[in-house]
Amino acid sequence: MSDPQDTGKIDGIVAVTLAAGLSTRMAPQNKLLLDFGGEPLVRRLVGETLASQAKQVFVVVGHDRWNVRKALGDLPVTIVENPDYTGNQMTSVRAGVLAAPQADGYLIVPGDMPLLRAADFDRLIAAFNALDGEKAVVPFDEAERGNPIVIPGWSREEMYRRGINFGCRNLLINYPELVAPLKTAEPQFFQDCDTPEAYRDLRALFEAQHRPAKSA
C-alpha cells in the first residue's frame, strides 16, 4: 500500500471524482461519455463540482482514460490515473485521496450521477464543516445510502490502515461513531447511470429539469 504523497496542505475540501470504472452494464458504450445537455456526462458533472465550494478537483481515470481526458478538455482539474481500476471502487478513492494534498476533507463523487449540482455538493460541505470535520457526511433516505460523501481529512493517513471502507453500503451500521447521516430523499443523491434503462430515465429527468419555462 502506498503512503500518501507529500503534496502540501490546503484549507477546505478537495473533490475527488471517480471516472475510472469499466462501465460494464452499459457496454459497449462508456456511460461517462453519454450525452447530457449537449456535453458528456462526466464533463457536466465535473463542471458542477468546479462550481462548488471545493478548493481543488481531482479526477481519477482508468478505463477508456484517453476519451475521458478528451471529454474533460481544458477544465482546470488534476487527472490521476488508477492502475488498479479493474478492482473495486475503493481503489479509485485511494488513488485520488493519496494524490491530493492534505485537506480538511474530501468530497468523493461517483462520476455517473448526472443530476447532481454545485448546490448539492455545497450542502454536503456545509454539513461537514458544521461538524468540524470529525465525521463523514453521507446522504441517507431511511435505510438507503446515497452519494456523494464527504470524508474527514484524517482518512488520507488512516482510513486504509484502519480498514475503514467509506464506500460500504453498511457504513452507518459498521461505523456509527464515524458517520453523520444527511437525511434527504432528493433523487440526485441516489440515482446513478449504470444501465441503458437508467440512462433513459435520467436523461428524461435531466431534460425536464432544464426545459425552459413557458411564457405566460
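The values are calculated or read from the model by the stated rules, or taken from the named source; none is laboratory data. Just so you know, these numbers come straight off a predicted model, no measurement behind them. FYI the Cβ positions are ideal-geometry reconstructions off the backbone, even for glycines, and counts take in every protein chain you see. For the accessible areas, the whole protein counts, side chains as well, though only heavy atoms, and no ligand, DNA or RNA atoms are used. Shrake-Rupley method; radii C 1.70, N 1.55, O 1.52, S 1.80 Å.
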Ordering of 9-22, 43-56 by packing [mean C-beta count within 10 Å, highest first]
9-22, 43-56
Skipping prolines and chain starts, which residues have an amide H placed within reach, meaning under 5 Å, of the one on F36, given they are 5 or more residues away or on another chain?
L41
Compactness summary of the chain: radius of gyration and Dmax from Cα atoms, Å, are 16.7, 61
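If you count only protein heavy atoms with a 1.4 Å probe, what accessible area per residue comes out for the chain, rounded to a whole Å²?
Working: 10490 Å² over 216 residues.
Dividing the accessible area of the chain by its residue count gives 49 Å².
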In terms of solvent-accessible area of protein heavy atoms at a 1.4 angstrom probe, what is the ranking of R145, R211, highest value first?
R211, R145
Taking the Cα atoms only, what angle lies between the long axis of helix 118-130 and the longest principal axis of the chain, rounded to 10 degrees?
20
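Which number gives the lysine pairs in the chain that have C-alpha atoms under 24 Å apart and are eight or more places apart or on different chains? Let's see the in-between values first.
On the way: K9/K55; K9/K135; K31/K70; K55/K70; K55/K135; K135/K183.
Step by step, the pairs that qualify in the chain add up to 6.
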Where the Cα pairs of the stretch 51-98 fall when distances are cut into 5 Å bins, in %:
5, 21, 29, 23, 17, 6, 0
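Rounded to the nearest 5, what % of DSSP beta bridges with both residues in the chain are antiparallel?
Values: 9 of 32 bridges.
Around 30 percent antiparallel, to the nearest 5.
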Computed on alpha carbon atoms, what radius of gyration and Dmax characterise the stretch 84-165, expressed in Å?
12.9, 36
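Taking the Cα centre of the stretch 65-144 as origin and charging only Cβ (+1 Lys, Arg; -1 Asp, Glu), how large is the dipole, in debye to the nearest 20?
Numbers: 7 positive and 12 negative charges, 83 e Å.
With only Lys, Arg, Asp and Glu charged at Cβ, the dipole is about 400 debye.
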Amide H neighbours of I79 under 5 Å, at least 5 residues apart or on other chains, H built in the peptide plane: list them.
V59
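Return the FRET efficiency for the residue pair R25, D84: r is the Cβ-Cβ distance, R0 is 22 Å, and the value is rounded to the nearest 0.05. Present the calculation step by step, with values, prior to reporting the outcome.
Values: r = 20 Å, r/R0 = 0.92.
With R0 = 22 Å, the Cβ-Cβ based efficiency is 0.65.
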Any idea what angle helix 41-50 forms with the longest principal axis of the chain, computed on alpha-carbon atoms, 0 to 90 degrees, nearest 10?
50
Roughly speaking, what is the centre-to-centre gap between the stretch 77-133 and the stretch 176-192 when only Cα atoms are used, to the nearest Å?
15
What is the gain in length, in nm to one decimal, between E144 and L131 on full extension, counting 0.36 nm per residue of separation less the C-alpha to C-alpha distance?
2.5 nm
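Quick one: divide the alpha-carbon radius of gyration of the stretch 1-85 by 2.2 N^0.38 Å and tell me what you get.
Values: Rg = 13.7 Å, N = 85, 2.2 N^0.38 = 11.9 Å.
That ratio works out to 1.15.
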Amide H within-cut-off set for I13, under 5 Å, with H built and near neighbours excluded:
K55
Just how much of H210 is accessible, in Å², when a 1.4 Å probe is used and the result is rounded to the nearest 10?
90
Compute the long axis of helix 196-209 from its Cα atoms, compare it with the longest principal axis of the Cα atoms of the chain, and write down the angle in degrees, 0 to 90, nearest 10.
80
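How high is the FRET efficiency from W154 to A51, r the C-beta distance, R0 22 Å, rounded to 0.05?
Numbers: r = 27 Å, r/R0 = 1.24.
E between W154 and A51, to the nearest 0.05, is 0.20.
Efficiency by 1/(1 + (r/R0)^6): what FRET value for T195 and K9, r their Cβ-Cβ distance, R0 = 41 Å, to the nearest 0.05? Before the final figure, lay out each step's value.
Details: r = 41 Å, r/R0 = 0.99.
The value I calculate is 0.50.
Output the relative contact order of the stretch 1-156, whole-number percent, from Cα pairs under 8 angstrom with separation of 6+ residues. It would help to have the intermediate numbers written out before the result.
Working: 301 pairs, mean separation 46.6, N = 156.
Across the stretch 1-156, relative contact order equals 30 percent.
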